[in-house]
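For reference, the structure discussed in these notes is given below.
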Amino acid sequence: MNIADYLPVWGRLTEAQRAVLESSAMQRRIGRGEVLHSGAADCTGLILVLSGQLRAYIVSEDGREITLYRLFERDICLLSASCIMRSIQFDVVIEAQKDSDIVIIPSEVYKRVMEESAPLANHTNEIMASRFSDVMWLMEQILWKSFDRRLAAFLLEESVLEDSDSLSITHEKIGNHMGNPREVVTRMLRYFQSEGMVRLSRSMIELADKQKLRTVAGE
């Protein structure tokens, strides 16, 4: 496992800082259903996903759960180390949805290096901003429940037009068709992929479960 593969600013850290991160990193194999992090009071550390799938979710007062995002191979989970960000408190649960191999860098170690390294601090802020963006996008979907239906219907229509379940089309083109930014299309398609409805590759979208898409589209 190479931490440099997860941190693009690795080359901008000092040799001592890299050594501290590498020596503290602990590799673990976790089973499906195992909870790694269970709220703001539990500051597990920075999680690097080597393989498998993790789920980040919140639980309401009456016990209902909602998935914020999923983590796959080569993803980083920062909310499991939210205590390194002084003004942020999250009651987020991190659970393995599949048997997974992960690496954990203790929060106190990562925080110490981050306080010494401006590049690492900036990169950490970028990761957190990206997660906030994911969560805000999810909240918008919950509140309005419109774009997912439109996108599902569009994909089904394209499948009929092309007489194929494999669509050679870019996210930008879909956005142009639907009047939405490419980034919005990409986020929704990634959600569809996490739910098993589509499979994504470069300039290609394969409809993996058309019945689920029809359900989303309200057909």
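Below are the figures for this structure:
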item: Identity of the residue in the range 1-24, at pLDDT 95 or above and not in a helix (DSSP H, G or I), that ends up farthest from the chain's Cα centre (by Cα); result: Thr14
item: Conditions (1) loosely packed, with under 15 Cβ neighbours inside 10 Å; (2) under 13 Å from Phe154 (Cα atoms); number of the one not met by Met204; result: (2)
item: Every pair of residues 6+ apart whose Cβ atoms lie under 7 Å, when the first sits in the range 1-23 and is under 19 Å from Ser107 (Cβ atoms) while the second is assigned to a helix (DSSP H, G or I) and acidic (Asp, Glu); result: Ile3/Glu22; Gln17/Glu116
item: Residues of the range 4-36 satisfying the condition of being surrounded by 16 or more Cβ atoms within 10 Å (Cβ to Cβ) and β-branched (Val, Ile, Thr); result: Val9, Val20, Ile30
item: Residues (out of contact with any strand residue (DSSP E or B) (no Cβ under 8 Å at 6 or more places or on another chain), polar (S, T, N, Q) and more than 16 Å from Ser24 (Cβ to Cβ)) located in the range 94-123; result: Asn122
item: Residue check, Glu126 among the acidic types (Asp, Glu) and surrounded by 15 or more Cβ atoms within 10 Å (Cβ to Cβ); result: no
item: Scan of the range 172-200 for residues that are over 16 Å from Val135 (Cα atoms), modelled with pLDDT of 95 or more and in a helix (DSSP H, G or I), ordered by number; result: Gln193
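The values are calculated or read from the model by the stated rules, or taken from the named source; none is laboratory data. On a predicted model such as this, the values are computed, not experimentally measured, just so you know. Here the Cβ is made from the backbone with ideal geometry for all residues, glycine too, and neighbour counts use every protein chain on show.
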